[in-house]
Amino acid sequence: MHGLAFDVAHLLSGSLVLISLMLLYQDRLYSLLNIFAFHAVFLAFAVAWQAFIQRAPHLYVTAAIALAFKGIVIPVALHRMVQRLGIHRQIETVVGIGPTMLFGIGLVALSIMVMLPVTEQADALTQEDLAFALSVVLLGLLMMVTRRNAVSQIVGFMSLENGLILAAAGAKGMPLVVEISIAFSVLIALIVIGIFLFRIRERFDTVDVHVLDRFRGEQP
Amino acid sequence: MMPSGESAMAAVLIIPAVATLLLAVISSYQAGSTINVVATALTLCASSLLVVVRPAPSLYLHVDDFNIFLVVLNTFVAFTTSVFSASYIAHELSSRRLTPGYLRFYHAMYQVLMLAMNVALLANNIGLMWVAIELATLTTVLMVGIYRTPAALEAAWKYFILGSVGIALALFGTILIYLAARPTMGQGMESMAWTLLVSHAAAFDPALLNLAFVFLLLGYGTKVGLAPLHAWLPDAHAEGPTPISAVLSGLLLNVALYVLLRFKILLTANAAALAPGALMIGMGLVSLIFAALMLYRRRDIKRMFAYSSIEHMGIITFAFGMGGPLASFAGLFHMTMHSLTKSAIFFAVGHVSQAKGTQKIAEIRGLTESHPVLGWGLVLGVIAIAGMPPFGIFMSEFLIISSTFAREPLLAIPLVLGLLIGIGALVLRMQGLAFGPASQPNTPVEASYVPLFAHLALVFAAGVFLPDALVSWFRTVATMIG
């Protein structure tokens with residue numbers, strides 16, 4: 001039984017890393033949002049599995065939040081927004097897809113090499129979980145720096161945050177996980193969707209962050 | 001009858017919370033700014049009570065020598081800033097930069113920010129600390145974007161993205177600290193309570209602690225504004241309302257640094273873990289020199305003082321990185337002095353930019369001629385922040401430099417160099433701003449100068465004479481930080 005528990009947890013968090021890599025090369029906003037929904041659903045499964053094997057019922061709440069909020073509500077809302085803004089065409093990446101993917105693979109290798117030796121004293125489950133979580137976090141960061149579009153930056157941030165929730169769920173018995181996941185959801189919902197995109201739209205007729213750069217106060 | 005420590009601590013948190021709800025429903029902006037001032041004054045009274053009566057630490061909140069001094073400083077500057085804000089926003093309303101609806105939002109957010117910072121300072125739980133910093137980031141992002149100009153939106157967006165990445169990394173570090181604590185302290189809330197963590201830290205796995213500290217340093221370091229993670233800071237200071245720039249520089253940077261220092265204490269308690277000092281010295285020096293050089297090419301007055309904040313946070317981080325009773329003492333002293341001086345400068349700058357209708361340095365000239373009180377106030381503030389005697393910052397910088405010379409003479413060279421470069425830039429700019437023929441337009445300002453000169457008087461007094469009680473207090477905290 002223990003072997004199975006470990007294998008399933010391993011599979012789920014491993015898929016999360018895989019989906020993070022897939023996010024990196026999506027060059028259309030719709031498909032990016034769809035893949036992100038997958039990311040959130042797998043996170044929900046991974047957290048629910050942790051709740052089951054750790055016998056920690058409060059983690060089911062976190063899983064439910066991930067599934068409902070990030071798996072359904074946010075992708076649907078962003079879908080609509082993209083449609084309304086008429087920006088569903090190709091999104092530009094700052095760096096090419098090939099180098100980004102290679103860099104992403106490098107980051108995964110790096111996080112495994114950093115985390116595994118450091119967490120030697122922890123049990124195998126936590127150890128692998130943390131290594132995967134760090135990979136997801138770093139891939140999310142990578143996505144945020146390689147994209148210019150505000151929507152894809154948010155998707156990058158949300159995938160990064162999924163990695164954090166994975167790490168928090170994997171740390172056995174950690175308190176406040178539910179509160180933290182709620183705090184994150186509030187952060188995303190309130191700031192990103194509610195205010196920024198609409199304001200940016202209102203002012204610039206675009207959500208390409210690159211255009212914002214022109215408005216730097218420093219230009220003479 | 002003396003109120004108990006618990007009720008005083010509750011008051012420090014409940015007053016801003018109640019004021020937020022109240023301000024959210026009151027539509028008159030005059031009433032709003034009055035309530036804002038009253039609420040911050042009450043919070044200041046409650047926090048001063050905490051000095052006398054101290055509640056027992058719980059798993060969530062605690063008061064010790066270190067945070068009590070910052071709570072009092074925080075609530076004091078929050079109070080003076082709210083007085084400044086009351087005279088500032090009336091002008092913003094009449095010049096139609098803000099609508100009454102936005103002002104209501106602004107006042108409510110001001111109190112949320114106070115609540116978040118007080119929670120972050122009083123938190124004993126490292127998870128709660130994180131949530132409070134996140135809340136503070138969230139509210140300041142909204143405040144920075146409040147003018148809704150393209151530049152303000154860009155600043156808010158940048159702050160949001162960098163700030164979120166910072167707090168995300170900090171959360172990862174927090175999780176790693178919990179994992180390091182779990183084998184010795186077991187599962188549950190105890191393994192996140194700072195007071196308990198410190199007493200058990202010697203038994204933690206050093207490798208995990210090291211890794212956690214790197215994440216925490218990068219994460220909370222972003223909020224402190226340390227180079228190379230400072231990019232959000234100048235924009236956020238320049239584009240938001242000036243009272244928020246004052247609170248950001250004077251308080252929020254301190255709060256983030258305080259959180260970082262808590263983790264530094266944790267790491268120092270474990271003999272096998274890496275010494276956090278070297279990392280902090282490195283980041284501090286880079287921030288200092290980088291910001292000092294950047295001061296020369298600034299064209300926007302608020303942006304210039306934002307870079308000066310980066311410079312001073314660098315100096316403070318450097319001092320705490322050096323460690324030891326003297327350097328930590330100087331670091332604490334500098335933290336206090338910088339907080340008071342920089343907010344005073346922003347009070348002056350706020351009125352200046354209203355009087356001149358611009359923030360461009362080139363278009364502001366001869367302030368001492370056109371607005372003598374304001375102009376000389378700014379001059380005094382700049383003299384103080386540049387670290388000239390007899391102001392307090394001179395004392396703290398002198399202590400930092402002399403302790404560095406005594407222990408690591410080689411490190412003192414870049415330190416002194418950075419300081420001199422910074423002084424040069426500030427003096428150069430100040431001459432243009434303050435002296436010579438006055439530039440147009442010259443709108444008279446209806447300003448309350450009390451906050452500005454109250455801060456400057458305190459900084460002056462601390463530079464001339466520091467009461468023994470305060471000295472011994474700083475000394476106790478410096479030993480605690482190590």
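At a glance:
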| item | result |
| --- | --- |
| Number of partner chain Cβ atoms within 10 Å, mean per residue of A:123-134 | 1 |
| Cα-Cα separations in region B:239-322 greater than 22 Å, expressed as whole percent | 34 |
| Rounded if a/c under 1.5, otherwise prolate or oblate - region B:383-474, Cα gyration tensor axes | oblate |
| Euclidean distance between Cα centres, region B:107-181 to region A:118-169, Å | 19 |
| Proportion of all alpha-carbon pairs of region B:286-338 beyond 13 Å (%) | 57 |
| Cα convex hull of the protein assembly as shown, projected area averaged across orientations, nm² | 29.2 |
| Residue-averaged beta-carbon neighbours from other chains (10 angstrom radius) around B:166-178 | 5 |
| Region B:1-136 shape via C-alpha gyration tensor axes, a/c threshold 1.5 | prolate |
| Hydrodynamic radius by Kirkwood, which averages 1/r over all alpha carbon pairs of region B:276-482, in angstrom | 17.4 |
| Shielding by partners, peptide B:205-213 (average Cβ within 10 angstrom, other chains) | 3 |
| Cα-only Debye scattering, chain B: base-10 log of I(q)/I(0) at q = 0.07, 0.08, 0.13, 0.14 Å⁻¹ | -0.33, -0.43, -1.22, -1.43 |
| Reachable lysines from B:K302, criterion Cα separation under 23 angstrom, eight or more residues apart if same chain | B:K158, B:K223, B:K342, B:K356, B:K360 |
| Carbon/sulfur fraction of accessible area - chain B, other protein chains in place, 1.4 Å, % | 73 |
| Listed peptides B:376-385, B:189-198, A:161-170, B:174-183 by packing density, highest first (mean Cβ within 10 Å) | A:161-170, B:174-183, B:376-385, B:189-198 |
| Cβ crowding within 10 Å averaged over residues, with B:208-219, B:47-58, B:285-296, B:106-117 ranked highest first | B:106-117, B:208-219, B:285-296, B:47-58 |
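The values are calculated or read from the model by the stated rules, or taken from the named source; none is laboratory data. The structure displayed is predicted, hence computed values, not measured ones. Here the Cβ is made from the backbone with ideal geometry for all residues, glycine too, and neighbour counts use every protein chain on show. Accessible surface areas use protein heavy atoms only, side chains included; no ligands, DNA or RNA. Shrake-Rupley method; radii C 1.70, N 1.55, O 1.52, S 1.80 Å.
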